[in-house]
Amino acid sequence: MSFSLDSINTLIGQTPNASEHGGLVDHMLGFVHWFMLVLGVGWSIYLAITFYRFRQKKTAKADYQGFRGHATTHIEIGVIIVEAILLLGFAFPLWSRQADEYPTSPDTVRMRALGEKFLWNFQYPGNDSLLSTWDLRNVDGATNTMGKDLHDPNGKDDFVNPGTMKLPVGRPVIVDVASKDVIHNLALVPMRAAQDATPGVKAHMWFKPVKEGSWDIICGQLCGPGHAQMKAILEVIPSAEYDAWAKEQSAGALKKTTEAEAAAPKAAAH
């Protein structure tokens, strides 16, 4: 493995990056880890010297004046400068890009993630590429887990994939995130993306997967006694395979919706 600023991330066991913007995140994290390593080693050496030089002796004499040099002041100023560089040079530009420059290309996948104690459900648009409108007041645990507006024609072919977020590689993904009950957090570690799922708030995040694979999705907020078991699967597959899967799921959802609508007048008549 060739050395780079990000090498320390691998050494401490960080999950490999699988998103387009994740390289910038890893670069910033690598800088922070090296900086904290230097500070930690430096201050540890300083403490060791201090403990040795000023250890208790038989003829101990208190020094009420303290340290008279300016080295510590210079170090503190240096730390502040490095932190400012991290914020202004790395964090702010990255945040601005992810917060403001949402993708608009035709191949963008738009989906919805809804958290509850203690699981994740994922809603996908059908062949029309349009998600239904939704409201938590529409949620029905048996027939409408996502709170879809059943009268919205855009949602007739929408389908729900519980427990697994399946995505195509190489295409931007926008995820609408919300919660049914308490605050959760959709943490997609390999995508270097996370978003709080807050009741009453419709939040959003986006990323672009660049690597195929399968990883755990975790909840990044302590949400109750089942928090540790609140996991799902993130699966990134070839784009053509994803399209075939989504087309099949959409056709099944549309058929089910059509049959339910046809049966409704008959049930009302009886």
Query raised in the report: Which residue, of 128, 176, is farther than 27 Å from residue 216 by Cα and either in the same structural domain as residue 195 (by the TED database) or among the acidic types (Asp, Glu) (or both)?
Result: 128
Query raised in the report: How many residues, within region 111-143, are at pLDDT below 85 and assigned to a strand (DSSP E or B)?
Result: 1
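Scan region 97-110 for residues that are part of a loop (DSSP other than H, G, I, E, B) and not β-branched (Val, Ile, Thr) and jot them down.
Within region 97-110, the first condition is being part of a loop (DSSP other than H, G, I, E, B), and the residues that meet it are 101-108.
Matches in region 97-110: 101, 102, 103, 105, 106, 107.
Considering only residues that are more than 22 Å from residue 229 (Cα to Cα) and of a type in the set (A, V, I, L, M), which ones fall in region 118-141? So that I can check it myself, show each step before the final result.
We begin by selecting, within region 118-141, every residue more than 22 Å from residue 229 (Cα to Cα); these are 124-140.
Hits for region 118-141 are 130, 131, 136, 139.
Those residues that are farther than 16 Å from residue 22 by Cα and exposed (fewer than 14 other Cβ atoms within 10 Å of the Cβ), I need them from region 205-222; list them, please. If you could, list the steps in order and put the result at the bottom.
Pass one, region 205-222, residues farther than 16 Å from residue 22 by Cα: 214, 216-222.
Listed by number, the residues that qualify are 214, 216, 222.
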Query raised in the report: Name the pairs whose Cβ atoms lie under 6 Å apart, with the first residue in region 31-50 and closer than 15 Å to residue 85 by Cβ and outside the structural domain of residue 88 (by the TED database), the second assigned to a helix (DSSP H, G or I) and open to solvent by less than 90 Å² (accessible area, probe 1.4 Å), and 6 or more positions between them or separate chains?
Result: none
Report summary line: Within region 144-176, the count of residues that are modelled with pLDDT under 95, touching a Leu at 6+ places or on another chain (Cβ under 6 Å) and within 15 Å of residue 113 (Cβ to Cβ) comes to 2
Report task. Taking only region 1-44 into account, find how many residues are touching a Lys or Arg at 6+ places or on another chain (Cβ under 7 Å), at pLDDT below 90 and not in a helix (DSSP H, G or I). Result -> 1
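Limited to region 128-186, what total is found for residues that are open to solvent by 40 Å² or more (accessible area, probe 1.4 Å) and touching a residue at least 24 places away in the same chain (Cβ under 8 Å)? Walk me through how you get there before you give the answer.
In the first step, residues of region 128-186 are kept if they are open to solvent by 40 Å² or more (accessible area, probe 1.4 Å); the result is 128-130, 133, 135-143, 145, 149-151, 153-154, 156, 160, 162, 180-183.
Imposing the further condition that a residue be touching a residue at least 24 places away in the same chain (Cβ under 8 Å) reduces the set to 128, 130, 136, 139, 145, 154, 156, 160, 162, 180-183.
Of the residues in that region, 13 qualify.
Given the criteria touching a helix residue (DSSP H, G or I) at 6+ places or on another chain (Cβ under 6 Å) and among the basic types (Lys, Arg), does residue 156 qualify?
Taking the combined requirement at face value, the residue satisfies it.
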Query raised in the report: surrounded by fewer than 16 Cβ atoms within 10 Å (Cβ to Cβ) and either of a type in the set (A, V, I, L, M) or in contact with a Ser or Thr (Cβ under 6 Å, 6 or more places away or on another chain) (or both): does that describe residue 225?
Result: no
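The values are calculated or read from the model by the stated rules, or taken from the named source; none is laboratory data. Here the structure is a predicted model, which is why all the values come from computation and not from measurement. Every residue, glycine among them, receives a Cβ derived from its backbone with ideal geometry; neighbour counts consider all protein chains shown. Heavy atoms of the whole protein, side chains included, go into the accessibility calculation; ligands, DNA and RNA do not. Shrake-Rupley method; radii C 1.70, N 1.55, O 1.52, S 1.80 Å.
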